[in-house]
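The values are calculated or read from the model by the stated rules, or taken from the named source; none is laboratory data. What you are looking at is a predicted structure, and each value in this text was computed from that prediction instead of being measured. Cβ coordinates were reconstructed from backbone atoms using ideal geometry, including for glycine residues, and neighbour counts include every protein chain displayed.
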């Protein structure tokens, strides 16, 4: 059956790749993005301008879906962006923006879409491996994604009797424009020196080590379309790292993590 799929942040990167997967499968995709000009690219590919941090935008977008299709089979909360910097130096406005998009946006969009979702529908929250591992100079982003992940797991239990599945997907680094869209706060003091800036530069140099967009999209599409476990990690090395966290004494793992991310 043709599924009605709503994706936030579907205009570029992972969201665009997932949209293409669903379109190829014959599904109808509604892309909710701030950059969307509005209208249909085709009968099955519809772009709706929407800022997921604004309830009025979300209400209008969901009403468009209701009038056009009457239901939502899959919601993918994909919109998000990162923040790098020493926690002490971060502007409160930047912290609020990251929490608003990565966490509050998922909450608001899920809340608005649920009345159109029936038994067998799914909510897929695109979190991050950062939700499961502490990473220096990305503490706020890790916190936002951890909050999103906890929201996923709690909602999964709440919706169990309704037959709606909530799935949290935690991918590692993917080769997309996502790193270039991060907010980088290079402000520092004697405590940190140039470490925050060096960390941001290290991320840029790791481009060739990120998993390919096609690989990540293929894995996540299969999870969203067929699987229904509570949480999935995408990327073999990240699965191993997460396993190490589970079996090693915390002090050992923390030392390993510090070495890996410094």
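If residue 232 meets every condition in (1) in contact (Cβ under 8 Å) with a residue 24 or more places away in the chain; (2) surrounded by fewer than 12 Cβ atoms within 10 Å (Cβ to Cβ); (3) closer than 22 Å to residue 16 by Cβ apart from one, which number is that one?
Of the numbered conditions (1) in contact (Cβ under 8 Å) with a residue 24 or more places away in the chain; (2) surrounded by fewer than 12 Cβ atoms within 10 Å (Cβ to Cβ); (3) closer than 22 Å to residue 16 by Cβ, the odd one out for residue 232 is (2).
Failed condition for residue 10, given (1) under 18 Å from residue 214 (Cβ atoms); (2) modelled with pLDDT of 95 or more; (3) touching a helix residue (DSSP H, G or I) at 6+ places or on another chain (Cβ under 9 Å), with all others met?
(2)
Checking the conditions here, which among 137, 141 is touching a strand residue (DSSP E or B) at 6+ places or on another chain (Cβ under 7 Å), at positive phi and either outside any strand (DSSP E or B) or surrounded by 18 or more Cβ atoms within 10 Å (Cβ to Cβ) (or both)?
Working: 141 fails: at positive phi.
Unique residue meeting the criteria: 137.
From the list 52, 98, 48, pick out the single residue that is in a loop (DSSP other than H, G, I, E, B), buried (at least 20 other Cβ atoms within 10 Å of the Cβ) and in contact with a strand residue (DSSP E or B) (Cβ under 8 Å, 6 or more places away or on another chain). Show your work before the answer.
Values: 98 fails: in a loop (DSSP other than H, G, I, E, B); 48 fails: in a loop (DSSP other than H, G, I, E, B).
Step by step, each of 52, 98, 48 is checked, and only 52 is in a loop (DSSP other than H, G, I, E, B), buried (at least 20 other Cβ atoms within 10 Å of the Cβ) and in contact with a strand residue (DSSP E or B) (Cβ under 8 Å, 6 or more places away or on another chain).
Hand me the list of helices (runs of 4 or more DSSP H) wholly inside segment 195-262 holding 2 or more residues that are closer than 29 Å to residue 157 by Cα and modelled with pLDDT of 80 or more. Steps first, please.
Details: elements: 195-205, 213-225, 236-247, 250-261.
Filter on segment 195-262 gives 213-225, 236-247.
Considering each residue of segment 147-178, count those that are under 22 Å from residue 250 (Cβ atoms), surrounded by fewer than 20 Cβ atoms within 10 Å (Cβ to Cβ) and in contact with a helix residue (DSSP H, G or I) (Cβ under 6 Å, 6 or more places away or on another chain), and give that number.
Of all residues in segment 147-178, those under 22 Å from residue 250 (Cβ atoms) come to 147, 149-150, 153, 170, 172.
From what is left, the residues that are surrounded by fewer than 20 Cβ atoms within 10 Å (Cβ to Cβ) are 147, 150, 153.
Of the ones still in play, those that are also in contact with a helix residue (DSSP H, G or I) (Cβ under 6 Å, 6 or more places away or on another chain) are 147.
Count: 1.
Inside segment 187-229, can you point out the residues that are surrounded by 15 or more Cβ atoms within 10 Å (Cβ to Cβ) and touching a helix residue (DSSP H, G or I) at 6+ places or on another chain (Cβ under 7 Å)?
188, 203, 213, 216, 217, 220, 221
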